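Some notes on the structure that comes next.
The values are calculated or read from the model by the stated rules, or taken from the named source; none is laboratory data. None of the values given here were measured: they were computed from a predicted structure. A quick note on method: Cβ atoms are made from the backbone with ideal geometry, for glycine too, and the neighbour counts reach across all protein chains shown. Calculation scope for accessible area: heavy atoms of the full protein, side chains included, ligands and nucleic acids excluded. Shrake-Rupley method; radii C 1.70, N 1.55, O 1.52, S 1.80 Å.
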Amino acid sequence: MPAWRLREDGIEIAVRVTPRAARDSFAAGTEEHFAARLTAPPVDGAANAALVALAARSFGVSRRAVTLISGDTARLKRLTIEGESPALAQIAASHYGSAA
């Protein structure tokens, strides 16, 4: 699967997380996933909560619109982001420097 795919109610993204980074960042990764660097440690869900907040900021939606659907304890995670699918896909593509 590519790093993101359209859904009826938004998009689904794949993210590879690196916890305990020097600063939070969300950027293009490989064709299969985005790359998220988080200052939070992977303890007691702190990194997952930080990822949800970072994805919400990156896509301009509320935290409530972002849901972790898989990868709770893994580095590779899947998130859904609710909203207008074309607009969210355009934001996703902008991280990669190309059009959707």
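Within the stretch 54-71, being surrounded by 15 or more Cβ atoms within 10 Å (Cβ to Cβ) and either of a type in the set (S, T, N, Q) or more than 19 Å from Asp9 (Cβ to Cβ) (or both) holds for Leu54, Ser58, Thr67, Gly71. For the stretch 1-41, what are the residues that are open to solvent by 80 Å² or more (accessible area, probe 1.4 Å), more than 15 Å from the chain's Cα centre (by Cα) and not charged (D, E, K, R)? Listed by number, the list holds a single entry, Ala22. A search for C-beta distances below 7 Å between a residue of the stretch 3-31 that is touching a residue at least 24 places away in the same chain (Cβ under 8 Å) and part of a strand (DSSP E or B) and any residue that is among the aromatic types (Phe, Trp, Tyr) and open to solvent by 40 Å² or more (accessible area, probe 1.4 Å), counting only pairs 6+ apart in sequence or on different chains, returns Ile11/Trp4; Glu12/Trp4; Ile13/Trp4; Ala28/Tyr96. Go through the stretch 72-99 and give me each residue that's open to solvent by less than 60 Å² (accessible area, probe 1.4 Å) and either touching a residue at least 40 places away in the same chain (Cβ under 8 Å) or in contact with a helix residue (DSSP H, G or I) (Cβ under 8 Å, 6 or more places away or on another chain) (or both). The answer is Lys77, Arg78, Leu79, Thr80, Ile81, Gly83, Ser85, Leu88, Ala89, Ile91, Ala92, His95.
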